[in-house]
Structures are given as C-alpha cells and as structure tokens.
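Q: Take a look at this one; I'll ask things after.
The values are calculated or read from the model by the stated rules, or taken from the named source; none is laboratory data. Keep in mind that what you see is a predicted model, and the values were worked out from it rather than measured. Reconstructed Cβ throughout: ideal geometry from the backbone, glycine too, with neighbour counts over all protein chains shown.
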Amino acid sequence: MPGWQTFYQKHQNEGFELIAVAMDAQGPKVVRPFVAKANATFVTVVDSADGLWDLYGFDVIPNGYYIDERGYIRYLKVGGFDVREPTTTKILADLLAEKWGKKPIRVSDKPRLSAKKEIVQLTKQLKVSSRGVEKRLHLAELLVETEQYKKAGKEYDTILAQHPRQVRALFGRGVVYHREKKTDKALECWRRAYALDPGNWIIRKQIWAVEHPEQFYPAINYNWQQEEIRREEMQAAAQEKAKAQRR
C-alpha cells in the first residue's frame, strides 16, 4: 500500500484516481490498519463477499486494472501486480501520458442495479426457474453483501445440495459461517473448497489469515508465506509417497 500511495501522490494531479479493493472475508476491521499505516489518501473499499471473484473469475491476487476516462480497460495484470515494479510503473506512466498503443478492451457501460433491486430481480427469476447455479451464486453473494446471512446460507446450501463440489459455493458458505462467528465451520468449508481448487490463492490466503492472524495483521509476513508454501508442498509430497507405498 505505501507503494500505491507514492504512485498516487505523484500522479493524482494528472486526472488519475486510484481505487484499491481489499478482498478479505473478515471485512473492514482488518483492512483499516493497512490503510492507516500507509497514510493512504486514495479510495479503499473492501470486498468481503467475493464479488470480484464473481464478476471477473480470477483466483489470484493482487491484480491491476487501468481504465481510462472513456471506460476502456487499457491495461490489466492478473496476479503479481506491483506498482513499484519498474516495467509496471513505466506502462502506467505512459498510459497517463497517452503513449500506450494497444487496442483497448471495452468495458460494459450498462448500469448495475442496486444490490437490493438485484436481489428482488434474481429471487423472482429463480422462482420461475430454480435452475441456474450462476444466478443463485450471485444472489447469495448479494445477500452476504447486504448482511442477510441467514438467507445467504440457505442459497449456498441449496447449491451445495445439488453441486457439493461447487468451489465458489463452498467458499461463500464459509464466509457466511465466519460472519456468524462459526470459525470452525468456515475453515471446514474453505478447506474443502481449496482441496477441490488447490491453485486458488484467494482461498489459500483466507485460510491462512484466519488460522494465523499474527502473520497478516497488522503487517503481512511474506517470508512466512513462502515458508508455509514449502512446508505444505513437502507435506503433500510425503502424503503422495505414503499413498504410493500402500498401493
């Protein structure tokens, strides 16, 4: 975050705005210390209902999007985005100076309904036809966003009754359990989701953040993360070896 603040201060008078989105099921309370420590003056919002996962389908963070004043995506990087990295800094600086020549990607300019109106609309649609996992997932995530946890839990349970291996539903159910202070059940759902999608960095980091908060708050210990990755890889290799020996 300090790197983002430095970049923002340098370019904020060039018609540039920076919006940071923190993805954390634990909500604003764990994000505020990072904002305060960086003395961030740019807008920071919290996605605690995995809405970005729903909208864009990525399973890694951090990501960077540069959108120009016409609503075109001029640059994007999924995973490993770091505004302090020289190549990234130059690309963004060139974009601000309009030196970037790649064909832009058009962003849909269709206005989004408010969460409450969208909930009403989706509920009506699902009454007509209960099929449609994506619609029900989106409804559940909107219910989490509007803090209707009991209803959200029922929607996730409906999905999981028919699709027990649905990763987003398992993760979302875990988010609801976490909001209801049922940490053990939340972790159980997240572990099941991660077992089905072991490359999903969002799930992995959420489990770590809840199990080892001292490694994430008030500062992220990246060395610990690398050590944990190595430990988990060694553990997985040992388990595979044991399975092979039993065959």
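Q: Might you let me know whether the range 164-181 holds any residue that is loosely packed, with under 14 Cβ neighbours inside 10 Å, of a type outside the set (D, E, K, R), farther than 26 Å from Phe58 by Cβ and free of Cβ contacts under 8 Å to residues at least 40 places away in the same chain?
A: Checked the range 164-181: no residue is loosely packed, with under 14 Cβ neighbours inside 10 Å, of a type outside the set (D, E, K, R), farther than 26 Å from Phe58 by Cβ and free of Cβ contacts under 8 Å to residues at least 40 places away in the same chain.
Q: Report, ordered by the first and then the second residue, all pairs with beta carbons closer than 9 Å, sequence separation of six or more or different chains, a first member in the range 34-51 that is on the phi < 0 side of the Ramachandran plot, and a second member that is aliphatic (A, V, I, L, M) and loosely packed, with under 12 Cβ neighbours inside 10 Å.
A: Phe34/Ala219; Lys37/Ala219; Phe42/Ile19; Val43/Ile19; Thr44/Ile19; Val45/Ile19
Q: Name the pairs: first residue in the range 125-143 and among the acidic types (Asp, Glu), second residue in a loop (DSSP other than H, G, I, E, B), Cβ to Cβ under 8 Å, at least 6 apart or on different chains?
A: From residues that are among the acidic types (Asp, Glu), the pairs are Glu141/Ala49; Glu141/Asp50.
Q: So, in the range 1-43, how many residues would count as being over 25 Å from Glu211 (Cβ atoms) and of a type in the set (Val, Ile, Thr)?
A: 4
Q: Only residues in the range 214-229 that are over 24 Å from Lys29 (Cα atoms) and assigned by TED's automatic domain parsing to the domain that holds Pro198 count as the first member; pair them with residues that are of a type in the set (S, T, N, Q) and surrounded by 14 or more Cβ atoms within 10 Å (Cβ to Cβ), Cβ under 9 angstrom, at least 6 apart or cross-chain, and list the lot.
A: Within 9 Å, no pair qualifies.
Q: Look through the range 111-124, keep the residues that are among the β-branched types (Val, Ile, Thr) and without any contact (Cβ under 8 Å) to a residue 24 or more places away in the chain, and return whichever of them is farthest from Phe171 (Cα to Cα). So that I can check it myself, show each step before the final result.
A: Quick first cut of the range 111-124, residues among the β-branched types (Val, Ile, Thr) only: 119-120, 123.
If we keep only those that are without any contact (Cβ under 8 Å) to a residue 24 or more places away in the chain too, we end up with 120, 123.
On the way: Val120: 23, Thr123: 21 Å.
Ranking the candidates gives Val120 first.
Q: Just one of (1) touching a residue at least 60 places away in the same chain (Cβ under 8 Å); (2) acidic (Asp, Glu); (3) farther than 23 Å from Gly51 by Cβ trips up Asp197, so point out which.
A: Failing condition for Asp197: (3).
Q: Restricting attention to the range 87-105, which residues are at pLDDT below 70 and either more than 12 Å from Tyr66 (Cα to Cα) or more than 27 Å from the chain's Cα centre (by Cα) (or both)? Give the derivation first.
A: We begin by selecting, within the range 87-105, every residue at pLDDT below 70; these are 99-105.
Across the range 87-105, the qualifying residues are Lys99, Trp100, Gly101, Lys102, Lys103.
Q: Going through the range 125-157 one residue at a time, which ones are farther than 18 Å from Gly174 by Cβ, charged (D, E, K, R) and either in contact with an Asp or Glu (Cβ under 8 Å, 6 or more places away or on another chain) or surrounded by fewer than 13 Cβ atoms within 10 Å (Cβ to Cβ) (or both)?
A: Lys127, Arg131, Glu134
Q: Another question, if that's okay. Just to be sure before I move on: is Ala49 of a type in the set (A, V, I, L, M), part of a loop (DSSP other than H, G, I, E, B) and at pLDDT below 85 in the structure I sent? Show your work before the answer.
A: Working: of a type in the set (A, V, I, L, M): yes; part of a loop (DSSP other than H, G, I, E, B): yes; at pLDDT below 85: yes.
Taking the combined requirement at face value, the residue satisfies it.
Q: When you scan the range 22-57, how many residues do you find that are crowded, with 16+ Cβ neighbours inside 10 Å, under 10 Å from the mean Cα position of the chain (by Cα) and not polar (S, T, N, Q)?
A: The qualifying residues number 11.
Residue by residue, here is whether (1) farther than 23 Å from Val31 by Cβ; (2) of a type outside the set (D, E, K, R) holds:
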position	(1), (2)
Lys151	yes, no
Lys154	yes, no
Thr158	yes, yes
Tyr177	no, yes
Lys185	yes, no
Trp201	no, yes
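Q: Within the range 217-230, count every residue that is surrounded by 13 or more Cβ atoms within 10 Å (Cβ to Cβ) and at pLDDT 90 or above.
A: Residues in the range 217-230 being surrounded by 13 or more Cβ atoms within 10 Å (Cβ to Cβ) and at pLDDT 90 or above: 4 in total.
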